[in-house]
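Report on the structure given below.
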Amino acid sequence: MVNRLGFLDVLRGIAALLVALYHLGNMALGSPQFWWVSHSLLNFGSFGVMLFFIVSGFIIPASLERRGSLVEFWIGRFFRLVPLFWLLSGTVAVLWSLGLFSLPDWIFKYPWVVLIGNATLLTNFIGAPHLLSPAWTLPFEICFYALTSVLFVTKFRKASAGIALFLGAFALFAADTFLTDSALTPQAASDPNHVGNPVRVLVIAGMVAGIAAIFAVNRKMALYAGLVGFVAVMLFLNRSWPLYQAVIFLSLMFTGTVIFRASSGQIPVWVAWLTVPVVAICDTIAFYRYYVAWGEGAGTWLGGTWWTESVAVWTAIALFMIAYALRDRVRWPETLQWLGRISYSVYLSHWAIMVAVPPLPVTVPGARPLTMLMWLAITLGISHLLYTFVELPAQKLGRRVSRWARDRYRLAPAPVIRPRVEQPAAHELV
């Protein structure tokens, strides 16, 4: 039987592999030719991250609506993301303290900020550096979870298309002169001259929170919508990231949600067909307006430009749509589905392995490509072990905790939305 949702695992596997190849290849090969391919022809890293965001946008609302409970949703997300992240972050910190892992000294300039940022997975939203470099995407994921959960308890539950279009349009005007980065925590970013716009951030967050509370489905949910909406928007605007790029990331996640809504019969299909290209066009124009090119003039390789990021957006959307169209027609290779299952471990661990494991001596024939293959093989092997002995047990524990919470507090599920297509099973929503 064809696994209709196996395409999600395949896409996650491809995304994680491309991000890993981006980092491992650039570090191991170090050649202008590879740099040109990985940065200027198609930025592997950006493509993988954007594909991850679209997949999250599709699967997170499905997960929330299947559970029908905010408490169970957040329990599931905690046990899905946090245990592995804490384990790897703690390992990096211990190895660094023993002199076995290289990290810039400035990372620990504000130890409590580092601890709080990495413990909460909110790092760049509070001006904290990452102990795991690829983890910069997790704060955006958590922000999307929070906003999705807010929409879930308001009358905007099915307004994904309007939100995606709004974010796409907002990206066109989201210059950093509107909100400078690290607006609430400038000192944490080690920039004493940075003042930020805390009042503007708090006012915008308050406005969003007020709207969410007003349109909540009931008084109890109004408190949740207002509080979570305020915190999510406040932290998002406090990002240490160009504002337009942060908005683009959210627009891609909500674009994935639009595809889910259309696939489950909650919105007309034509709305999705209109929304997806419009968001991509807006994101492209935003990259054209604001992206700061780098690497040009080096004489050996082109470097990143606005169009490399735009190609990553369009390619990620195109690949997702193709895989979605083939979801019930193709028997997806087990290898790719396995890669998708271990994708979170691959994504988090490959960078640490690259830093911790020395490259092969240059005296070894083909040392550079062999080093990349060695790092990749170690990454896949360790990721399989992490998935088997950390991720799976944590997910099973999360399901037990969810059942306990449901029985203990008699959690009432939200109204079920009957889809026109097969709903993802529990194991496919992790």
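Some notes on this structure:
- The lysines whose alpha-carbon is closer than 24 Å to the alpha-carbon of Lys155, local same-chain residues fewer than 8 away aside, are Lys220.
- Percentage relative contact order, the range 18-93, counting C-alpha pairs under 8 Å, at least six apart: 24
- Global geometry of the range 241-367, whether rounded, prolate or oblate, following the gyration tensor of its Cα atoms and the 1.5 cut on a/c: oblate
- Gaussian network model of the chain, Cα within-10 Å springs - most flexible of Ala213, Ala405, Ala28: Ala405
- With an a/c value of 1.5 or above and a/b not larger than b/c for the gyration tensor axes a ≥ b ≥ c computed over the alpha-carbon atoms, the range 1-95 is described as oblate.
- Spin-label model distance (nm) - Leu98 vs Ala119, 7 Å beyond Cα toward Cβ: 2.3
- Karplus 3J(HN,Hα) series, Hz, for the range 112-124 with 6.51 cos²θ - 1.76 cosθ + 1.60 (x for Gly, Pro): 5, 5, 4, 5, 5, x, 7, 5, 8, 6, 9, 3, 5
- Heavy-atom accessible surface of the range 266-365, averaged per residue, reaches 50 Å², computed with a 1.4 Å probe.
- Under the combined filter of DSSP loop state and at most 12 neighbouring Cβ atoms within 10 Å, the range 273-380 retains these trypsin sites (Lys or Arg not before Pro): Arg329, Arg331.
- The range 76-188: C-alpha gyration tensor shape, a/c 1.5 cut-off, then a/b vs b/c: oblate
- 3J(HN,Hα) couplings calculated from phi for the range 73-87 with the Karplus curve 6.51 cos²θ - 1.76 cosθ + 1.60 (θ = phi - 60°) are, in sequence order, 4, 5, 4, x, 5, 4, 6, 6, 9, 6, x, 5, 4, 4, 4 Hz; Gly and Pro show x.
- Virtual spin-label span in nm between Ala293 and Ala405, 7 Å along Cα→Cβ: 4.9
- Summary: within the chain, the longest segment free of GluC sites (Glu not before Pro) located in DSSP loops with at most 16 other C-beta atoms within 10 Å is 1-295.
- Label corresponding to Rg and Dmax of the Cα atoms in Å when calculated from the structure given, among [x] 23.6, 75; [y] 21.9, 78; [z] 21.3, 70: [z]
- Share of carbon and sulfur in the accessible heavy-atom surface of the chain [1.4 Å probe, %]: 71
- Inter-site label distance for Val203 and Ala175 at 7 Å from Cα along Cβ, in nm: 1.9
- In this structure, Asp328 and Leu274 have a Cβ-Cβ separation that, at R0 = 25 Å, corresponds to a calculated FRET efficiency of about 0.55.
- The range 144-160 - phi-based ³J(HN,Hα) in whole Hz, Karplus 6.51/-1.76/1.60, Gly and Pro as x: 5, 4, 5, 5, 5, 5, 5, 4, 4, 9, 10, 7, 8, 4, 9, 8, 4
The values are calculated or read from the model by the stated rules, or taken from the named source; none is laboratory data. These numbers were taken from a predicted model, which means no experiment stands behind them. Cβ sites come from the backbone with ideal geometry, for glycine too, and all protein chains shown count toward neighbours. Heads up: the accessible areas ignore ligands, DNA and RNA and are worked out on the full protein's heavy atoms, side chains in. Shrake-Rupley method; radii C 1.70, N 1.55, O 1.52, S 1.80 Å.
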